[in-house]
Amino acid sequence: MRKWFLALAVVDAAMFAYAPFAINAAPYESTMLLVQKIFYFHFATWMAVTAGLTVCGLASAWYLFKGSPIADRIGVASAELVVIFTLFGLVSGSLWARKAWGIWWDWEPRLTMAFMLELIFLGYIIVRQFGGPGSEKLAAAMGIFGAATGPFIYKSVDWWRTIHPKTSVMRTLADTSGGAIMWNVVMFCVAAFLLLFGLLLAARMRLEESRGELDRLYLAAED
Amino acid sequence: MVRRVFNALVGMLLVAGPLWAQQPPNAGQSGFVPLDSMPAREQIPAAPLLLSSYAFFLVLMLFYLWTIWRRIGKVERDMQDLERRQETVKR
């Protein structure tokens, strides 16, 4: 297990080392030019957030209905990763918006809902940290409802008039001139981010396992 | 006669109307436009924003890895302390 983790970590590090060269070689977008290159990590981080939401939602439901401690560990680990990747998504989006829209932030539906998602999962972590006994179930419920916001955030740009680009941007990317290269670079970055998500999830779960082991040792010592 | 004058006046109005409404052509650019007189959106340089985005990602990931490593270290130290205390009690 440890060997696999190290081997995959080396592969992922190599992918992240190569990513700037691939992004540099990708064609410029005609209206935004250089600043559009934020897109490659921006989109990839939201794919990692999507993975985190899916894992957290399923693990939370598993824990809530079956009471499995493994599911609880997966839920906590993925919720923390949702916070980390969403934070980067919000910051990178804001930096991109500064040039593309001339503003750092706008309270339009997509951005506002993404910000709310960050607050929901920060709430999850705070509940786990300070909620005391029984907070696991409350946090699991938050995990399920937090994950349920994902599809709404994704479709918000199609349902409401916003300044954020629509979801069709990605669907039509490969068909545009030079878009195939951009598509390949995006997919490469998405693969690197998903692998990073998996590695961080494994590392974070190991921490939860160690904490569980420590709690068992404390209980055994008291007996 | 009156009819001819009327037709001529109407004809002049029909021709003059569009000419009157036509916008005067823009004056040609007589020199370079300084950057600070461009709209605010055009003045923002892209490179610092792009570099900030990627640098923030690197710092965030390194910081998060450091927090995981520190927390695992703390739990392992607590385990060792507990084992030492248990051994002391046994003696």
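To the nearest 10 square angstrom, how much accessible area does A:Ser135 have with a 1.4 angstrom probe?
Here the accessible area works out near 10 Å².
For A:Lys37, which aspartates and glutamates qualify as cross-link partners when the Cα separation must be under 15 Å and same-chain residues fewer than eight apart are set aside?
A:Glu29
Full extension from A:Leu122 to A:Ile70: what is 0.36 nm times the residue separation minus their Cα-Cα distance, to one decimal in nm?
Extra length from A:Leu122 to A:Ile70 when fully extended: 16.6 nm.
Considering only A:Ala9, A:Met187, A:Ser30, whose Cα is most displaced toward the positive end of the charge dipole of chain A, charges sitting on Cβ of Lys, Arg (+1) and Asp, Glu (-1)?
It is A:Ser30.
Write down the Kirkwood hydrodynamic radius of chain A, to one decimal in angstroms, obtained as one divided by the mean of 1/r over all alpha carbon pairs.
Result for chain A stands at 19.0 Å.
Would you work out which of B:Gly73, B:Met61, B:Gln86 lies farthest towards the positive end of the dipole of segment B:47-91? Charges go on Cβ: Lys and Arg +1, Asp and Glu -1.
B:Gln86
Show B:Thr67, A:Thr86 ordered by accessible area, largest first, where the area counts protein heavy atoms only and the probe is 1.4 Å.
B:Thr67, A:Thr86
Kindly sort A:Met15, A:Met116 by accessible area of their heavy atoms, largest first, with the probe set to 1.4 Å.
The ranking, largest first, comes out as A:Met116, A:Met15.
Let me confirm one metric for peptide B:58-69, namely the mean number of other chain beta-carbon atoms within 10 Å of its residues' beta-carbons.
Partner-chain Cβ atoms within 10 Å, mean over residues of B:58-69: 3.
Suppose we compare each residue of segment A:85-117 in its chain alone and in the full protein complex with a 1.4 Å probe; which ones drop by at least 50 Å² of accessible area?
A:Phe88, A:Leu95, A:Lys99
I'd like the accessible area for B:Arg85, computed on protein heavy atoms only with a 1.4 Å probe and all protein chains in place. Round to 10 Å², please.
Roll a 1.4 Å probe over it and B:Arg85 shows about 140 Å².
Output the 0 to 90 degree angle, nearest 10, between the alpha-carbon long axis of helix A:2-25 and the longest principal axis computed from the alpha carbons of chain A.
In chain A, helix A:2-25 runs at an angle near 20 degrees to the longest axis.
Let me have the 222 nm mean residue ellipticity of chain A computed from DSSP H runs of 4+ only, each contributing -39500 (n - 2.57), with the sum over all residues rounded to the nearest 500.
Calculated from helices alone, the mean residue ellipticity at 222 nm is -29000 deg cm²/dmol.
What do you get for Rg/Rh over segment B:47-91 if you use C-alpha atoms and the Kirkwood form of Rh?
1.48
May I ask for the accessible area buried between chains B and A, both sides summed, probe 1.4 Å, to the nearest 100 Å²?
3000 Å²
For chain A, what does the accessible surface come to per residue with a 1.4 Å probe? Please give it in Å².
52 Å²
State, as an integer percentage, the relative contact order of segment A:7-110 based on alpha-carbon contacts under 8 Å between residues 6 or more apart.
Relative contact order here is 25 percent.
7 Å from Cα along Cα→Cβ at both A:Thr31 and A:Thr162: what's the point-to-point distance in nm?
1.7 nm
The values are calculated or read from the model by the stated rules, or taken from the named source; none is laboratory data. Because the structure is predicted, anything quoted here is derived from the model rather than measured. With ideal geometry, Cβ positions are generated from the backbone for all residues, glycine too; neighbour counts draw on all protein chains shown. Quick note on the areas: whole protein, heavy atoms, side chains included, nothing else; ligands and nucleic acids left out. Shrake-Rupley method; radii C 1.70, N 1.55, O 1.52, S 1.80 Å.
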